[in-house]
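The values are calculated or read from the model by the stated rules, or taken from the named source; none is laboratory data. All of these numbers come straight from a predicted model, not from anything done at the bench. For neighbour counting, all protein chains shown are included, and Cβ atoms are generated from backbone atoms with ideal geometry for every residue, glycine included. Note: areas computed on protein heavy atoms with side chains; ligands, DNA, RNA excluded. Shrake-Rupley method; radii C 1.70, N 1.55, O 1.52, S 1.80 Å.
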Amino acid sequence: MKTAAALLVSAMAVAGIASASPPNEPAASAWPTVTQTAKPWMRWWWPGSAVEPAQLTRTLEEFAKAGIGGVEITPIYGARGAEARYIDYLSPRWVQMLAHTAREAKRLGLGVDMATGTGWPFGGPGVNAADGSSSLQLVDGQLAGEPTRMQVKRPAPGGEGLVLDPYSTDALDRYLQPFTRALASLPRGALRSQFHDSFEYYGASWSPGLAAQFREMHGYDIEKYAAELAGARPMDADTLGRIKGDYRRTLATMHLEYVRRWVSWSHEHGFIARNQAHGSPGRLLDLYGASDVPETESFGTTVLPIPGLRQDANDIRDDPDPPINLIGRFASSAAHVNGRALASSETLTWLRENYRESPSQAKPQLDRLFIAGIDHIFYHGSTYSPADAAWPGWFFYAATQLNPTNPLWQDFTAMHAYVARVQSVLQQGRPDNDVLVYWPEADEQDDAAGLMRQHGMHENQWLVDSPAGRLARKALESGYSLDFISDAQLQALTVDGGNLLSPGARYRVLVVPATRRMPLETLAALVRLRKSGAQVRIQQLPEDVPGLGRLPDRRAEFRRMISSAELSQAVVVDEAQAFSQVRREPAADLGLWFTRRARADGFDYLLVNPGAKRFDAWLPLATPARRADLLDPLTGEAGAAAVSAASGKPSAVYLQLDAGVSMILRTYGSGTKRALAPWRYFDDMQPGTGLSGGGSLEFLRGGPELPAKAAVEEPGSWTALDDPRATRFSGTARYRMEFVAPSVVADDWQLDLGDVRETARVTLNGQFLGTVWSLPSRIKVGTAMKPGVNLLEIEVTNLPANRVRDLDQRKVDWKIMKDINLASLRYKSLDASGWEPQPSGLLGPMRLVPLKSLSPARP
């Protein structure tokens, strides 16, 4: 190792280092209290339900220490060799383990949810063929169901069996009886919620009660068109499309009743209910709204131009939803419209290839969900693993491995704190979206092609390519805030002072996108709302009613209503007219994402910069602001923002956001005295000075074995060291570097670490500065730097990928999970032996950047 001055920063001829103060206050009082639900929760898989009390306690303690708010227990298939430990699902021993978990979670301040089944979807050993899912068939000229014979996916022992009929409340009642018996011994309140995963009842296009339900809903006998429905006899496309539309609406309504029955059962037994509605055959907004916590999911990676955000096509699956997140808004819309306090998301599913998921890659996906109105994150996820399991322990594919066995576990805690701070704000106040966008589901359902429709997250043309989807995307990208609304929800709207009222929110305008067909009840609601003084804007009047039942009578009533003055006067020529006189946030024009909530004394914004360039300017607001606070969810710092509130001009705040960075803005309508010190804005005085020279690198913890301590001359990947152990190492290493402080006078200093693989815990002169886990990899130095020689210590943790690569290269039998063992990102057998070593450590370049305080000039 070189001398104390070996890692020099070139002196700049100005006298002395500044006596910098912390840039902003760590003002805990500025933040809402972080509650149990504000913290992120975790999907917790129990492989084989092979759990035991001591390890359950240890893991829950790890979760609580890391900042997790609760767990959702989902038992799955087990590990090979652990069969003797398996516990049958819902057996007395299994319920004892659940009760122990609930007691320990309560002691630790954690919540507990459980899936109402193992794996997914609902089903198991008690489901016989009569109660199982079935598909429509034509048998001797009559419609009949043929069992799909679909088995529960990824079941736990005791949970194997047929998938349940998702349209039969009677079958569901029988399915729930074992749960009622098994859970009766638990104290009321031991569990918070039951959970139903996304609709993956594949091929389920029939139910024994469908014909009767169809006749009740539509007034004619579906059997009359059995051959046409089954494709055995031709029919004109319009009539066939109408029949199939009625058929799809019947399935959707039956599934809605199924979900409502499950929710009511949950309530009867002291649970709330979380439901993922996507994948269902229809009525998605109503399905989301039927539960207490509507839940969406994130799947894959959203490609964004944030510098340093690695997006290698071989390592990611593109999320097909637009970056502005349309489908995720179905869950939050249902929460807002129906007055649900929380909207959750299964989060970070297939973020990257297995064991190659970094927190810096997770943050944009988290921000994208927050911007869409999600305020209750469930990570996907963590796998229970016994203490005696060889590394990497038990695991689940498609997951961001948020386990204590992951070397990044320690630094994921900084990400959890970020989520908790953001959600502590997003769970305050009330939603403040101005626009309701009607989702014209009848247009999508009245179609002669195919039979059953599933409205999935990935095959999303049903929304993204529809007039409603295109309208909503353009509105969001233009700065309008909106929620989607269904036919049933629209029909329940009332009007107060020209505003549209739902059970949970207040809106200024209802926009109806170009629509071919509309139910009479919805059309009548539009007339009623217009007569009551609501702002209703219609892009294009519908042409007809959907479906075939009672068509002549419904058409006559349609023609009468469609000619009314209330509807004809609501038609707008273009999209600009549709959103006239509605608040529009200029943040969208400036490349920023936003979401906004209202409080009694002002508004809360989450602002995110998803672009390639730094934002450093006055930001006009669509809401009034006499004063405002900036809260940094990454650090917890807070300060009073520079505000311009000149008469006759929009209020504006000065905002500095690097690419990939987010900020909370809390505005206030009154001019009361500021409780916080002013937010400190900074200018880079110059590009900064590179840290170059020598230092040491010591491997602290990880495996499979610790490489030897090494001298390093320049930043670079430790996989390039002349030590084969470093190439296969996954864990934490500490860089120690000494440098002479620059002689520049600055108001503060910023340490730019450059390319960090993957997280860095930074200490300067014995003072811990924080954990760098997100982009850009920078941290303020503050008062920690002193004149003369300074000691910089950086603990860097890399991905588990290189150790996994080594296991496969040495042909170690580590993939011991049953069922799907181990699926790659492309759903092939994972073989990491051909992976290139993942760069690890400080890749640089590293710089010290002097900062000068900035007083923003008024616009």
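Can you give me the angle between helix 467-477 and the longest principal axis of the chain, using Cα atoms only, in degrees from 0 to 90, rounded to the nearest 10?
For helix 467-477, the angle is close to 20 degrees.
Assign unit charges at the C-beta atoms only (+1 for Lys and Arg, -1 for Asp and Glu), then state the dipole size of the chain relative to its Cα centre in Debye, rounded to the nearest 20. Walk me through the numbers before you get to the answer.
On the way: 92 positive and 95 negative charges, 351 e Å.
Computed charge dipole of the chain: roughly 1680 debye.
Over the chain, with every protein chain in place, what whole percent of the accessible area is carbon and sulfur at 1.4 Å, could you tell me?
Ligands and nucleic acids excluded, carbon and sulfur give 50 percent.
So how much accessible area does Trp206 have, in Å² to the nearest 10, using a 1.4 Å probe?
Approximately 20 Å² of Trp206 is accessible to the 1.4 Å probe.
Need the full-extension length gain, Leu520 to Ser853, defined as separation in residues times 0.36 nm minus the C-alpha distance. One decimal, nm.
113.6 nm
Structure shown: which of Lys65/Lys852; Lys106/Lys363; Lys474/Lys613; Lys39/Lys153; Lys39/Lys363; Lys363/Lys709 lie over 26 Å apart, alpha-carbon to alpha-carbon?
The pairs that break the limit, which is 26 Å between Cα atoms, are Lys65/Lys852; Lys106/Lys363; Lys39/Lys153; Lys363/Lys709.
Using only Cα atoms, what Kirkwood radius does the stretch 366-454 have, in angstroms?
Result for the stretch 366-454, one decimal place: 17.3 Å.
So if we plug the beta-carbon distance of Ser563 and Ala232 into 1/(1 + (r/R0)^6) with R0 = 35 Å, what FRET efficiency do we get, rounded to 0.05?
0.30
Once Rh is set to the Kirkwood radius over Cα pairs, what Stokes-Einstein translational diffusion coefficient, in µm²/s, holds for the stretch 532-615 at a temperature of 10 °C and a viscosity of 1.306 mPa s? Before the final figure, lay out the partial values.
Values: Rh = 17.1 Å.
The diffusion coefficient I find is 93 µm²/s.
May I ask for the angle, rounded to the nearest 10°, between helix 169-183 and the longest principal axis of the chain, with both axes built from Cα atoms and the value confined to 0 to 90°?
Tilt of helix 169-183: around 40 degrees.
How do Val464, Val337 stack up against each other in accessible area, from largest to smallest, with a 1.4 angstrom probe?
Accessible-area ranking of Val464, Val337, largest first: Val464, Val337.
Principal axis extents for the stretch 705-804, Cα atoms only, whole Å, descending order, please.
Over the stretch 705-804, Cα extents along the principal axes are 46, 27, 20 Å.
Can you give me the Cα centroid spacing of the stretch 801-845 and the stretch 440-473 in angstrom?
Answer, in whole Å: 38.
What percent does the relative contact order of the stretch 255-396 come to when contacts are Cα pairs within less than 8 Å and at least six residues apart?
22
Hey, can you find the accessible area per residue of the chain for me, probe 1.4 Å, expressed in square angstrom?
Per residue, the chain has 36 Å² of solvent-accessible surface.
Please compute the length gained on full extension between Ala387 and Asp312, using 0.36 nm multiplied by the number of residues separating them and subtracting their Cα-Cα distance.
Full extension of this stretch gives 23.5 nm more.
Which length gain, in nm to one decimal place, applies between Ser824 and Ala129 when the Cα-Cα distance is subtracted from 0.36 nm times their residue separation?
Contour length minus Cα-Cα distance gives 246.9 nm.
Over the Cα atoms of the chain, Rg to Rh with Kirkwood Rh, two decimal places? List each step's numbers first, then the result.
Details: Rg = 28.9 Å, Rh = 29.1 Å.
Reported Rg/Rh, Kirkwood definition of Rh: 0.99.
Nearest 10 degrees, 0 to 90: what angle lies between the long axis of helix 359-371 and the longest principal axis of the chain (Cα atoms)?
With both axes taken from Cα atoms, the answer is about 40 degrees.
Would you work out the relative contact order for the chain, in percent, from Cα pairs under 8 angstrom that are 6 or more residues apart?
15
Could you order Ser670, Ser358 so the one with the most accessible surface comes first? Probe is 1.4 Å.
Of Ser670, Ser358, the descending order of accessible area is Ser670, Ser358.
For the stretch 570-637, state the semi-axes of the equivalent ellipsoid (square roots of 5 times the eigenvalues of the alpha-carbon gyration tensor), sorted largest first and rounded to whole angstrom.
27, 17, 10
Just reorder Phe63, Phe603 by solvent-accessible area, largest first, 1.4 Å probe, all chains present.
Phe603, Phe63
With a point put 7 Å past each Cα toward its Cβ, work out how far Asp683 is from Gln428 in nm, to one decimal.
3.3
Percent relative contact order of the stretch 232-313, based on C-alpha pairs within less than 8 angstrom and at least six residues apart?
This gives 25 percent for the stretch 232-313.
Using a 1.4 Å probe, how large is the accessible area of Asp831, given in Å² and rounded to the nearest 10?
The value for Asp831 is about 90 Å².
What's the FRET efficiency of Asp88 with Glu216 using the Cβ-Cβ distance as r and R₀ = 45 Å, to the nearest 0.05?
Working: r = 41 Å, r/R0 = 0.90.
After rounding, the FRET efficiency stands at 0.65.
Quick one: dipole size for the stretch 444-497, taken about the Cα centre, charges +1 on Lys/Arg Cβ and -1 on Asp/Glu Cβ, in debye to the nearest 20. Please report the intermediate quantities before stating the final value.
Numbers: 4 positive and 9 negative charges, 35 e Å.
Computed about the Cα centre, the dipole is about 160 debye.
Peptides 179-190, 242-253, 532-543, 647-658: what's the order by average Cβ count within 10 Å, highest mean first?
Top to bottom by mean Cβ count within 10 Å: 242-253, 532-543, 647-658, 179-190.
Counting pairwise Cα distances across the stretch 266-362, what percent come out greater than 24 angstrom?
34
Once amide H atoms are placed 1.01 Å from N in the peptide plane, what residues at a sequence separation of 5 or more from Leu769, or on another chain, have their amide H within under 5 Å of its amide H?
Here the answer is Val762, Thr763, Leu764, since their amide H atoms fall under 5 Å of that of Leu769.
Before rounding to the nearest 500, sum -39500 (n - 2.57) across all DSSP H runs of length at least 4 in the chain and divide by the residue total; then give [θ] at 222 nm in deg cm²/dmol.
Calculated at 222 nm, the ellipticity per residue is -7500 deg cm²/dmol.
With every protein chain present, what accessible area does Thr635 have (1.4 Å probe, heavy atoms only), rounded to the nearest 10 Å²?
Its accessible surface works out to 70 Å², give or take rounding.
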